[in-house]
Amino acid sequence: MKSTGIVRKIDELGRIVLPIELRRTLDIGEREAMEIFVDGPAIVLKKYRPTCIFCDSAADITIFRGKNICPKCLQELRSAPMD
């Protein structure tokens, strides 16, 4: 990981503010969804990108019954024989 040298304190509600320079550099807009990961002792924030529940592809995702599905997996589901 690369250190930015930026230090922020957590407020009384558990929030931190990402500096505008960082948000501009990483193209993070207001109200943009962020995913939170834990990697050992580290907390990692990542821009949220919905992915297919079957193959983890992020290209052209469609929501079907509340689930994210890519076109390839959707086609496979449509052509799969019904048991």
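I43: accessible area at probe 1.4 Å, nearest 10 Å²?
Only protein atoms counted, so the area is about 130 Å².
Out of the stretch 1-74, which trypsin sites (Lys or Arg not before Pro) are coil in DSSP terms and have no more than 12 other C-beta atoms within 10 Å?
When the trypsin sites (Lys or Arg not before Pro) of the stretch 1-74 are filtered for loop state and at most 12 Cβ neighbours within 10 Å, K2, R8, K9, R15, R31, R65 remain.
Using a cut-off of 21 Å between alpha-carbon atoms, which lysines can reach K2, once sequence neighbours fewer than 8 places away in the same chain are excluded?
Output for K2: K46, K47.
Can you pull the percent of the chain's accessible area that's carbon plus sulfur, 1.4 Å probe, other chains left in place?
55 percent
Could you list which residues have their amide H under 5 Å from that of N68, counting only those 5 or more apart in sequence or on another chain, with H placed in the peptide plane?
The answer is I53.
Could you grab the relative contact order for the chain? Cα pairs under 8 Å, six or more apart, rounded to a whole percent.
Over the chain, the number comes to 13 percent.
Cross-link candidates for K72: which aspartates and glutamates have Cα within less than 15 Å, leaving aside residues fewer than 8 places away along the same chain?
Cα-Cα hits under 15 Å: D56, D60.
Just one of [x] 13.4; [y] 12.7; [z] 16.1 is Kirkwood radius over Cα pairs in Å calculated from these coordinates, so which is it?
The calculated read-out lines up with [z].
How large is ³J(HN,Hα) for each residue in the stretch 75-82, as worked out from phi by the Karplus curve 6.51 cos²θ - 1.76 cosθ + 1.60 (θ = phi - 60°), to whole Hz, x for Gly and Pro?
Per residue, the Karplus-derived 3J(HN,Hα) values read 5, 4, 5, 5, 8, 6, x, 7 Hz.
Run the 1.4 Å probe and let me know the accessible area of E32, rounded to the nearest 10 Å².
70 Å²
The values are calculated or read from the model by the stated rules, or taken from the named source; none is laboratory data. Please read these numbers as outputs of a predicted model, since none were measured by experiment. Neighbour counts run over all protein chains shown; Cβ positions are idealised from the backbone, glycine included. Accessible surface areas use protein heavy atoms only, side chains included; no ligands, DNA or RNA. Shrake-Rupley method; radii C 1.70, N 1.55, O 1.52, S 1.80 Å.
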